[in-house]
Structure formats: structure tokens, C-alpha cells
């Protein structure tokens, strides 16, 4: 019976490859790989002679490849789906292929293994009983600020990815909306030669990001919002808005300034001011 198998591959250290992964590579009829060159290198490092048909399967061609993968499964072939590192479909290609296979009635299974999300969460030293994974923040500054503002009051520990090119800008937005004293951790190059975990406040992590060239892959973990740390009455919030407004700015600008200052949603401040009228 044909089957679509999602397999977690090592984040960096090939010693993390499971016996099931090795056997799945040896027995697969087709391997859909995010980067075929990296997959071939993995096979070489694992000393595996992979004789499967190799398909390139990345974000840019994921939709176009679905019909081909469906055809392979319909022909009774086993298709192994792997990404560059970690688990497919977790902020990586794979979701659409799984959805297609389920809708068409094909068997879907998973070979669990390395996960940057869980590894960073464990390394962070922050609460792990309840957490949210939110992928990559938006690339543009305006969209990223909005994204951070919407998550500033998330009470669960937050885990996200970022590239070395935007890590500094993202940390700056995070400290602006979450507060510079919010605890966090940055895990870089997990399981690789230059693995590094930096812990501290968002202000401290931002300063660290300015201290040297940022290289590698980053997973950021941020402590959840603690409402007890910033409880203010509606009257106090309204007074702060009026104080800011007295400096010569508009009511709209005063509301936005107050929301940023207190790390609370602009909508909440706006509603308070409407009630105050």
C-alpha cells in the first residue's frame, strides 16, 4: 500500500538521525526533498545508498509538485518527504502534500525526530507547560510592528524563527511592544558546531545582536505576558493619554503613545477614552 511519510531529519548533527529515518531512506520509492543537494549530502554522511527517485520539493514549487506526488502514490509508490532540517510542514513545505494525501485517501505517517522549536523551548529555561509557535515574523517593518503588537499580551511562552538578516530588527520590535524587561532566549545553530544559547531580557538580547556579526539560524523564545506586572486602572490609563495629549499631539497619537508605553493594545486605550467621554 502506498504511503506518504513525513520524516524529521537532523538539525545539524547527523548523529541525531534515527534508525527509522535511515531505513525509510533506504526503502523509499520517491524522496521529495526541500533541497536535493542537502539531502544527498545527508545520505553521504549517513553512509546510505539512496536509490529512490529524487524530487525537488520547496516552497516555490510545492503546489506544482502535488499532482506528481499524487500520481506516485496512486501508482503504489512510497513517498518520503523531508526538509532541510527538522520536521516537514512546521514552518517548512509539507502541509499541502499532507492535506492532498488525506483528501485522496492515501495513508500518511510520520517519523518523529529533531525539532528546533522543542529544542529551543527546552534550552530557554522559560515555562514549557503552555507555548505557542508562530513561525517567522513579517519581513517589512510596519507589518512586523503590527505582528508584535498583536502578540504582546500572549500569556503563553512564544517561539519563533528569524533569519540572521532580520534578527536585530525583530528584536527591536519585540522589545518595543513586549517591553525591554521581558525575558527571552535566542538559540543559534542548534546541535551544530557553533551552537549558542543567549538568555536575558529583550533589551539585553537586542544589545547582544549588535555586538557581533549575526550568522546561522535563529530560534527566539519569549516569556509570556504576565498581567499582574502591569495592572493599571482605566482612570490611570486615561490620565496618561491626557498627559501625552497635553504635549501637543493629537488624541489618536496620544492613544498610540500610551499603548506603546504601557504595552497594552491600542484598542483597549481607545475604548477607555470613549468611555471617559
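Coordinate-derived values only; no laboratory data. Quick caveat: nothing in here was measured; it's all calculated off a predicted structure. A quick note on method: Cβ atoms are made from the backbone with ideal geometry, for glycine too, and the neighbour counts reach across all protein chains shown.
Descriptive notes on the structure:
- Peptides 153-164, 201-212 ranked from most to least packed, by the mean per-residue count of other Cβ atoms within 10 Å: 153-164, 201-212.
- Gain in span if fully extended, residue 213 to residue 64, counting 0.36 nm per residue against the direct Cα distance: 49.9 nm
- Computed from the Cβ-Cβ distance with R0 of 22 Å, the FRET efficiency linking residue 96 to residue 44 stands at 0.15.
- A straight line joining the Cα centroids of the stretch 116-147 and the stretch 31-60 runs 28 Å.
- Available extension along the chain between residue 71 and residue 108 is 11.8 nm, counting 0.36 nm per residue and deducting the alpha carbon span.
- Listed peptides 242-250, 254-262 by packing density, highest first (mean Cβ within 10 Å): 254-262, 242-250
- Placing a pseudo-label 7 Å from each Cα along the Cα-to-Cβ vector at residue 191 and residue 267 gives an inter-label distance of 4.0 nm.
- Within the stretch 3-114, antiparallel bridges make up roughly 5 percent of the DSSP beta bridges whose residues both belong there.
- DSSP bridge orientation in the chain - percent antiparallel, rounded to nearest 5: 45
- Packing around the peptides 111-120, 170-179, taken as the average count of other Cβ atoms within 10 Å per residue, puts them in this order, highest first: 170-179, 111-120.
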